[in-house]
């Protein structure tokens, strides 16, 4: 019986790439938007700041407050909220 070729496993993308993919999927945006030339400089800086702030919040109640505030602002602007 012939030996089968070893199964090839695709290399895991670097952590940065995995994070970009997860963020893009969560926001329903293309991954390119989160790369160097994908968003305008100020948009990219603002997104990065929001993520850094979020990461610094360790208390679940604080994160819930931020989410409630963001949902309120989004509702005022668009009338549509995704919980």
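I'd like the residue in the range 41-51 that is modelled with pLDDT of 80 or more and surrounded by 12 or more Cβ atoms within 10 Å (Cβ to Cβ) and, out of all such residues, is nearest to residue 13 (Cα to Cα). Filtering first and then ranking leaves 51. Enumerate the pairs (first residue in the range 57-75 and at positive phi; second residue anywhere and in a helix (DSSP H, G or I) and at pLDDT 95 or above) with beta-carbon separation below 8 Å, excluding pairs fewer than 6 apart on the same chain, so at least 6 apart or on different chains. The qualifying pairs do not exist here. Candidates are the residues of the range 45-67 that are out of contact with any helix residue (DSSP H, G or I) (no Cβ under 6 Å at 6 or more places or on another chain) and not in a helix (DSSP H, G or I); the one that is farthest from residue 22 (Cα to Cα) is 59.
Here is a yes/no grid of residues against (1) surrounded by 12 or more Cβ atoms within 10 Å (Cβ to Cβ); (2) modelled with pLDDT of 80 or more:
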site	(1), (2)
5	no, no
29	yes, yes
36	no, no
39	yes, no
53	no, yes
59	no, yes
64	no, yes
77	no, no
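The values are calculated or read from the model by the stated rules, or taken from the named source; none is laboratory data. Everything numeric in this text was worked out from a predicted model, so none of it was measured. Neighbour counts are summed over all protein chains in view; Cβ atoms, including those assigned to glycine, are modelled from backbone coordinates with ideal geometry.
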